[in-house]
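**Student:** Here's a structure for you.
Just so it is clear, none of the values below were taken in a lab; they were calculated from the coordinates. Just so it is clear, the structure is predicted and the values come from calculations on it, not from any experiment. So basically every Cβ, Gly included, is an ideal-geometry build from the backbone, and we count neighbours across all protein chains shown.
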Amino acid sequence: MTMPSSADAHHPQTTTNDPLRSYPKFLWWGLGESTNGGLGFYVWMIVLTAISLVGANAWANQVAQGMIVTNMTDHVSWGLYIANFTFCVGLAAGGVMMVIPAYLYDDEEMHRVVIVGEAVAIAAIVMATLSVVVDLGRPDRFWHLVPIIGRVNWPVSMLTWDVIVLNGYLIINLHIVGYLLYMRYLGRKPNPSWYVPFVFLSIVWAISIHTVTAFLYCGLGGRPFWNTALLAPRFLASAFVSGPAFIILVMRILRITTGRETAPGPARTLIQIIRVAMTINLVMLASELFTLFYTGSSHGASAEYLYFGSHGHTGLVPWIWTAVVCNLVGTGLFFMPEALERGTIRIAACVLCIVGIWIEKGMGLIIPGFIPSTLHEIVEYSPSLVEWKVTAGIWAFGFLLLTVLLKLIVAVFTGEESRAKPQPP
Amino acid sequence: MTVDDTPSPDASQGDSNGHQLPIVNQPATRRTALKAVGAALGLAAFGKAVSPLWSIPEHVSVDEFLQQHYQELTPSDKDRIFARLESETKEEFGVDVTISDPRPLPGVRFGYAINLSKCNGNGACMEACSKENNHHRGIDQSYIRVLEMSKGSMDMEHGTTTFDHTVPQDGKFYMPVQCQQCEKPPCVSACPVEATWQEDDGIVVVDYNWCIGCRYCEAACPYHARRFNWEPPEIPADEINPDQGYLSNRIRPQGTMEKCHFCLHRTREGRAPACLEACPTGARVFGDLNDPESDINWVLENKRVFVLKEELGTQPNFFYFFDS
């Protein structure tokens, strides 16, 4: 991937005051910039497009043939899609851990890279939304969920809250990122009153999206495994690990592909946040497990199935122990002094914690909620090929979107710097 | 790459780096063309990838797509929709059916009770339910699950619904579970689009033409009373029950939820639910909770009854009791 040379950046020298004309122009320019790159970039984009198309095709077949092509049943009626949805919401909420240091604590270095976190949030919200759409039995009736033309069971249904907060978060972040880039593109100083209130709103909103997502599950009295007040705090704690860890990886890739030197401070701040958040997450998990196993009531049946298997059924045992090992080793690595430096240990720690949390709050949380069923039957679940294809497609599309956003961001920043530099004599 | 016609900072700098222009601009044009080709190919591939979606218009007419929520339909809307559904059933299954819409009887509140001393697990209720309610035959199902429980425990963990032997077995008792028609139904709270609601006689119904198939209600129900239509329904023509209710036993479309509705197309017309009529042991008691003379009230008055999972606060209108 090559950087657009300074000659490539076509910025208008004088600012036009007509956003109706210049904003579309900015978008068109951004589209051009964000699709420029070297051979590696095009290979990456083509591979992602191919995987997205495989996913789209699998989903279209699922719609045509019915959800029988998934391995979900009336016993385990949510599967990989909703598991992945939960993780993606966490990823989106995790971006706020850059916004808080940047705006509440005026961390200058963080302020310069915070837009990366917002880009990750946008891509993650799109992935979360897609994960819900593919889980619908009747996507053709999606409009029933739209306020005014549909019929929304608000405020009673937690799912309507989720639809509202997720879309709201997407719009807020699109506005912040879009406005800041547009202003930088025009070479104007962003007007704080146009975006700072939205930044503060986004902080509250980020916490709300994951809290509401947790309420979706923990509000169900008939599912003892989910019906715990600790669920929302646990969701938030693990999101503040997976989000920052993902952003650290993204910043690393950006540094390598663009060759831009960035300050080491922001990643260090994120690692300090991860250390605290992961510790809190593990303490809450241990507390949860103690209650479930020590009391030994029927509330523990799902946990027993998850961790040790139940009546000879052990489908999730390999999953959850993989998560346990990933989370513990990852946390151990994060606490090593080397994690504060750029290097393999930091990368390994991020990857391990992301994988661990994806399982822990995905397959390790959604599936055991259904096993045993409410009538204490045990029917196991493992995703079908169609479900894997669709999920891979959603991730590929998310990465596609993220790549385009990051390219645009880099192009705007580079263009700005090239103008700021004193011209050679 | 760009159609930006404003002069770039570099271009406007004239000779200082003007020598770059031919190198940068030339390939840019070609690149733009290549990108356009790539985008066109990508779009074409996307169109091909999602082409199975074209089966939707074959099954979902414009009228069905635009159909409003049941509670917003006028009587003439209903006439039109029921006629459409009848002709679609005729077309798809080759059977003449009548779709009706019996409304709750004023002042009636339905309740159901099962005598666990009498039930012997014969499963006639499940079979009758499946036939009465036009269940998809691909998977053997009804709205009722009969649990074989071990004597000495009410813990469902020691029960099984998949028994396949002669009944009754020694040391076992049998507990049929179906929709408990809760006074405070968690499924109704869960539904994001109000596709399921409680009617005045206490029956929780589903508008199969409004449900989006998110299955949140299925996760919310503590009694496993809700079912999803995972595939297009298949029922032999000679087994289709032609006496159908819009909110009850009409053939449910793929991708939507369904549940027990106390056979409202029968019970609102004074008949008994199919499961009660089929029960050979006389274990089932059904009636109007508001009628002091009803059988169900006799049971509530004279037997010590219990409800399932009382601690959840769902307040079922479905009761269980033992003799003596």
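**Student:** Tell me which of A:N327, A:L401, A:I359 sits at the most positive position along the dipole axis of the stretch A:310-425, charges placed on C-beta atoms (Lys, Arg +1; Asp, Glu -1).
**Tutor:** A:L401
**Student:** Sticking with this structure for a sec: Please list, in order along the stretch B:158-163, the HN-Hα scalar couplings obtained from phi with the Karplus expression 6.51 cos²θ - 1.76 cosθ + 1.60 (θ = phi - 60°), rounded to whole Hz, x for Gly and Pro.
**Tutor:** Residue by residue, the stretch B:158-163 yields 8, x, 9, 9, 9, 5 Hz.
**Student:** In this model, which of A:K25/A:K189; A:K389/B:K48; A:K361/B:K48; A:K361/B:K35; A:K361/A:K389 are farther than 28 Å apart at the alpha-carbon? Kindly include the intermediate steps, with their values, before the conclusion.
**Tutor:** Numbers: A:K25/A:K189 19 Å; A:K389/B:K48 16 Å; A:K361/B:K48 35 Å; A:K361/B:K35 39 Å; A:K361/A:K389 20 Å.
Violating the 28 Å Cα-Cα cut-off are A:K361/B:K48; A:K361/B:K35.
**Student:** Roughly what % of Cα-Cα distances in the stretch B:83-145 sit above 13 Å, to the whole percent? Please list the in-between numbers first.
**Tutor:** Working: 1495 of 1953 pairs.
Counting every Cα pair in the stretch B:83-145, those more than 13 Å apart make up 77 percent.
**Student:** Follow-up question, since we're still on this one. Rounded to whole Hz and in sequence order, give me ³J(HN,Hα) for the stretch B:257-262 from the Karplus expression 6.51 cos²θ - 1.76 cosθ + 1.60, θ = phi - 60°, writing x for Gly and Pro.
**Tutor:** Coupling constants for the stretch B:257-262: 8, 9, 6, 5, 10, 6 Hz.
**Student:** Report the residues of the stretch A:225-255 in range of a label on A:T291: point 7 Å along Cα→C-beta, backbone N strictly under 20 Å from it.
**Tutor:** A:225-239
**Student:** Can you give the average number of partner chain beta-carbon atoms within 10 Å of each beta-carbon in peptide B:192-200, as a whole number?
**Tutor:** On the way: counts 15, 13, 9, 5, 1, 1, 0, 0, 0.
Mean shielding by partner chains, rounded to a whole number: 5.
**Student:** Then there's this: Counting only other chains, what is the mean number of Cβ atoms within 10 angstrom of the Cβ of each residue in peptide B:206-216? Walk me through the intermediate numbers first.
**Tutor:** Details: counts 0, 2, 1, 2, 5, 5, 12, 9, 12, 9, 10.
If you average over the peptide's residues, the count of other-chain Cβ atoms is 6.
**Student:** A further question on this structure: Test of understanding: given chain B, find the longest segment containing no GluC sites (Glu not before Pro) that are in a DSSP loop and have at most 15 other Cβ atoms within 10 Å. List each step's numbers first, then the result.
**Tutor:** Working: sites that count: B:E183, B:E234, B:E269, B:E293.
Longest gap between qualifying sites, sites excluded: B:1-182.
**Student:** Residues in the stretch B:168-202, backbone N under 20 Å from the label point at B:V60 (7 Å along the Cα-to-beta-carbon vector): list them, ranges by number please.
**Tutor:** B:191-196
**Student:** Next up: Of A:K361, A:K389, A:K189, which is the most mobile in a GNM of chain A whose springs link Cα atoms less than 10 angstrom apart?
**Tutor:** The residue with the greatest mean-square fluctuation here is A:K189.
**Student:** With every atom except the alpha carbons ignored, what do you get for Rg and Dmax of chain B, in angstroms?
**Tutor:** 29.0, 106
**Student:** Specify the inter-centroid distance of the stretch B:87-166 and the stretch A:207-256, based on alpha-carbon positions, in whole Å.
**Tutor:** Using only Cα atoms to place each centre, the spacing works out to 39 Å.
**Student:** Also: Using the basic label-point model (7 angstrom from Cα toward the beta carbon), what is the B:R31 to A:T262 distance in nanometres?
**Tutor:** Taking the two extended label points, one gets 2.2 nm.
**Student:** For the stretch B:162-236, what is one quarter of the convex hull surface built on the Cα atoms, given in nm²?
**Tutor:** Numbers: hull surface 31.3 nm².
So the mean shadow area of the Cα hull is 7.8 nm².
**Student:** Looking at the protein assembly as shown, send over the antiparallel percent of its DSSP beta bridges, to the nearest 5. Please report the intermediate quantities before stating the final value.
**Tutor:** Values: 21 of 28 bridges.
Bridges in the protein assembly as shown that DSSP calls antiparallel: roughly 75 percent.
**Student:** Could I ask something else about it? Could you work out the pair-distance distribution P(r) of chain A from its alpha-carbon pairs, with 10 angstrom bin width and percents rounded to whole numbers?
**Tutor:** 4, 20, 30, 26, 13, 4, 1, 0, 0
**Student:** With +1 on the Cβ of every Lys and Arg and -1 on the Cβ of every Asp and Glu, and nothing else charged, how large is the dipole of the protein assembly as shown about its Cα centre, in debye rounded to the nearest 20? Walk me through the numbers before you get to the answer.
**Tutor:** Numbers: 53 positive and 70 negative charges, 486 e Å.
Dipole about the Cα centre, nearest 20: 2340 debye.
**Student:** Let me ask something additional. Using DSSP loop states and a limit of at most 16 other Cβ atoms within 10 Å to flag chymotrypsin sites (Phe, Trp or Tyr not before Pro), what is the longest stretch of chain B containing no flagged site?
**Tutor:** Details: sites that count: B:F163, B:F322.
For chymotrypsin sites (Phe, Trp or Tyr not before Pro) (loop position, at most 16 other Cβ atoms within 10 Å), the longest site-free span of chain B is B:1-162.
**Student:** Among A:A121, A:A277, A:A64, which one shows the biggest mean-square fluctuation in a GNM of chain A, springs joining Cα atoms closer than 10 Å?
**Tutor:** Checking each option, the largest mean-square fluctuation is seen for A:A64.
**Student:** Counting only pairs 8 or more residues apart or on different chains, how many lysine pairs in the stretch B:110-321 have their Cα atoms under 15 Å apart? It would help to have the intermediate numbers written out before the result.
**Tutor:** Numbers: B:K118/B:K151; B:K118/B:K172; B:K118/B:K303; B:K131/B:K259; B:K151/B:K172; B:K184/B:K309.
Lysine pairs meeting the criterion: 6.
**Student:** Calculate how steeply helix B:21-49 sits against the longest principal axis of the alpha-carbon atoms of chain B, using the helix alpha-carbon long axis, and give the answer as 0 to 90 degrees to the nearest 10.
**Tutor:** With rounding to tens, the tilt is 20 degrees.
**Student:** How many percent of all Cα-Cα pairs in the stretch A:145-302 sit more than 25 Å apart?
**Tutor:** Working: 6313 of 12403 pairs.
Of all Cα-Cα pairs in the stretch A:145-302, 51 percent lie more than 25 Å apart.
**Student:** Further question on the same structure: With springs only between Cα atoms under 10 Å, which of B:R31, B:R252, B:R268 fluctuates most in a Gaussian network model of chain B?
**Tutor:** With Cα springs under 10 Å in chain B, the top fluctuation among B:R31, B:R252, B:R268 is at B:R31.
**Student:** Let me ask you something else. For B:G245, what residues show an amide H to amide H distance below 5 Å, using hydrogens built from the backbone and excluding near sequence neighbours?
**Tutor:** B:S100, B:R250
**Student:** Now for a different question. State the three equivalent ellipsoid semi-axes of the protein assembly as shown, derived from the C-alpha gyration tensor as the square roots of 5 times its eigenvalues, in descending order and whole Å. Walk me through the numbers on the way to the answer.
**Tutor:** Working: eigenvalues 611, 182, 90 Å².
Computed over the protein assembly as shown, the values are 55, 30, 21 Å.
**Student:** Quick one: Cα convex hull volume of the stretch A:320-425, Å³ per residue? Provide the component values of the computation, followed by the final result.
**Tutor:** Values: hull volume 18.0 nm³, N = 106.
Per-residue hull volume (Cα only) is 170 Å³.
**Student:** Still on this structure, I have one more. Kirkwood hydrodynamic radius of the stretch A:70-133 from all distinct Cα pairs, in Å? Spell out each step's value before the answer.
**Tutor:** Numbers: mean 1/r = 0.0766 Å⁻¹.
In the stretch A:70-133 this quantity evaluates to 13.1 Å.
**Student:** Sort by residue number and report every cysteine in chain B with no other cysteine beta carbon within a distance under 4.7 Å.
**Tutor:** Cysteines of chain B left without a disulfide-compatible partner: B:C119, B:C129, B:C182, B:C191, B:C211, B:C214, B:C221, B:C263, B:C279.
**Student:** With an 8 Å cut-off on Cα pairs and a minimum separation of 6 or more residues, tell me the relative contact order of the stretch A:305-425 in percent.
**Tutor:** That works out to 20 percent.
**Student:** Within a 10 angstrom radius of each residue's Cβ in A:218-230, how many Cβ atoms of other chains show up on average? Whole number is fine.
**Tutor:** The per-residue average across the peptide is 3.
**Student:** Right, next: What whole number of Å gives the distance from the Cα centroid of the stretch A:125-179 to the Cα centroid of the stretch B:247-277?
**Tutor:** With the stretch B:247-277 and the stretch A:125-179 each reduced to a Cα centre, they are spaced 32 Å.
**Student:** Separate question: For the stretch B:254-321, taking Cα atoms only, what is the radius of gyration to one decimal and the Dmax to the nearest whole Å?
**Tutor:** 13.8, 44
**Student:** Another question, then. Computed on alpha carbon atoms, what radius of gyration and Dmax characterise the stretch B:200-324, expressed in Å?
**Tutor:** Radius of gyration, then largest Cα-Cα span, for the stretch B:200-324: 16.5, 47 Å.
**Student:** What is the stretch A:18-158's relative contact order, in percent, from Cα pairs under 8 angstrom and six or more apart in sequence? Could the numbers behind the result be given before it?
**Tutor:** Working: 73 pairs, mean separation 29.3, N = 141.
It rounds to 21 percent for the stretch A:18-158.
**Student:** Take every Cα pair under 8 Å in the stretch A:41-406 that's 6+ residues apart, average their separations, divide by the length, and report that relative contact order as a whole percent. Write out the running numbers ahead of the final one.
**Tutor:** Details: 505 pairs, mean separation 111.4, N = 366.
Relative contact order of the stretch A:41-406: 30 percent.
**Student:** Mind pulling the angle between the C-alpha long axis of helix B:75-93 and the longest principal axis of chain B? Nearest 10 degrees, somewhere in 0 to 90.
**Tutor:** Rounded to the nearest ten degrees, it is 90.
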